[in-house]
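The values are calculated or read from the model by the stated rules, or taken from the named source; none is laboratory data. Note that the structure is a prediction, hence the values are computed from the model and not measured. Because the Cβ atoms are built from the backbone with ideal geometry, glycine has one as well, and the counts that use them run over all protein chains shown.
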Amino acid sequence: MRLLLTRELGRLAKWLRILGLDTVYFKEQNVSSLIIEALRQERIIITRNHHLPRSCGARIVVINAERLNAQLAEVLKRLQIKPVSDMMFTRCTLCNEPLTAIQKENAKDKVPAYVFAAQERFFACPQCSRIYWQGSHWGNVREILNKINS
Ligand SMILES: [Zn+2]
């Protein structure tokens with residue numbers, strides 16, 4: 001499932017990427033280019049904007065929730081997505097690029113020493129070179145998902 005989020009949903013975009021969903025964050029205000037982008041890339045538009053043209057051809061999901069947790073829950077429910085832990089942390093939260101596993105040795109000077117000592121598996125974004133590991137984020141994600149599922 002490919003998603004396109006409008007500019008007011010930046011934090012939500014990051015979280016959907018953490019869950020492993022292919023999520024483009026569209027920062028421009030221009031509605032025509034938003035719709036063209038969605039149609040061209042076959043993405044579902046996720047927005048809080050009630051005024052997007054319904055008949056534009058792209059699927060539009062209008063989110064009513066205001067808080068991040070509730071927004072995340074609403075998107076997952078409306079699109080009938082069940083978060084799977086295998087999919088989490090497979091995408092860069094900044095670029096949306098799928099991450100690739102790297103040798104531990106290659107992460108050495110790029111992460112804090114305590115992280116390097118404690119973690120065995122590291123991943124890198126091919127676009128921005130940011131390094132990821134299943135560390136502190138993991139607890140937060142579990143917590144948020146528990147809240148959503150409860
Ligand atoms: Zn990146």
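Things to note:
- Of all residues in the stretch 91-136, those that are touching an Asp or Glu at 6+ places or on another chain (Cβ under 6 Å) and not polar (S, T, N, Q) total 2.
- Of all residues in the stretch 1-37 being small (G, A, S) and touching a Ser or Thr at 6+ places or on another chain (Cβ under 9 Å), the one that is nearest to C56 (Cα to Cα): A13
- Matching helices (runs of 4 or more DSSP H) fully within the stretch 32-150 where at least 1 residues are among the basic types (K, R) and more than 28 Å from R7 (Cβ to Cβ): 136-149
- For the stretch 113-127, the criterion of a residue being modelled with pLDDT of 95 or more, within 13 Å of the ligand (Cβ to nearest atom) and of a type in the set (S, T, N, Q) is satisfied by at least one position.
- The set of residues in the stretch 33-90 that are without any contact (Cβ under 8 Å) to a residue 60 or more places away in the chain and among the small types (G, A, S) comprises S33, A38, S55, G57, A58, A65, A70, S85.
- Flag for I131 being surrounded by 13 or more Cβ atoms within 10 Å (Cβ to Cβ), β-branched (V, I, T) and within 16 Å of the ligand (Cβ to nearest atom): yes
- Test set (1) closer than 29 Å to D86 by Cβ; (2) surrounded by 15 or more Cβ atoms within 10 Å (Cβ to Cβ); (3) of a type in the set (S, T, N, Q) - N49 fails condition number: (1)
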